[in-house]
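Read-outs throughout are calculated quantities, based only on the coordinates presented, and are distinct from any laboratory measurement. None of these values were measured; they are calculated from a predicted model. Positions of Cβ are backbone-derived with ideal geometry, glycine not excepted, and every protein chain shown enters the neighbour counts.
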Amino acid sequence: MERSTGVQAYYAESAERLGEVYESVSFEEVHGALLDLLPKAPARVLDVGAGTGRDATALAGRGYTVDAVEPVAELRRVAERLHPGSGVAWRPGALPEIPGVRGPYDVVLLSAVWMHLPPEERPGAMRRLAGLLAPGGLLLITLRRGEPPVDRRMFDIPPEEVAEQGAEAGLRLLRTVAEGADRLGRDAVRWHAVVLQLG
């Protein structure tokens, strides 16, 4: 998620419903093709655009120290209610700057976030994310593909563009995954994952 008022308004108004939707699919189901790349715990993880906290909480449960950044206060409240005592540090913040967040992190996760950024913000956002990584650190980005919805700002961003911008920011492509069909059953939606590494 990011700072656009229209995007944030959609998620604020839909926070309770999205809590049910997002939590209906597990972290392992969503990110299964990437789990073998995760470093051994303990390690430091940043979840950018953490939404209702499904991924951040699952990572904390695996022994990681997790900071979760989410710009929409309503989603943060849902996350804290759904995942009390998770050990996740919840904080406000949005790309491209993510003010106040300091690395280094061993993993930075953007799950269904990057596609909200307009083209002019992506290079700076990528540099910011690269700057948060420890040497050898991983940037995991999942991309929603297909025709963007009309009720909020979203872009269909190919993984090749993400890899190219990562390279410009000093990151090497480690893996791309065409994950195929949407796990929430939306026929027009499919997903890609891109993993970039510093060093």
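Ranked by the mean number of other Cβ atoms within 10 Å per residue, highest first, peptides 172-179, 77-84 order as 77-84, 172-179. The protection proxy used here, the mean number of other Cβ atoms lying within 10 Å of each residue, ranks peptides 66-75, 143-152, 38-47 as follows, highest first: 66-75, 38-47, 143-152. Each peptide among 96-106, 189-199 gets the average number of other Cβ atoms lying within 10 Å of its residues, and from highest to lowest they stand as 189-199, 96-106.
Given a Förster distance of 30 Å, report the FRET efficiency between residue 82 and residue 121 from their Cβ-Cβ distance, rounded to the nearest 0.05.
Numbers: r = 29 Å, r/R0 = 0.98.
Taking R0 as 30 Å, the efficiency between residue 82 and residue 121 is 0.55.
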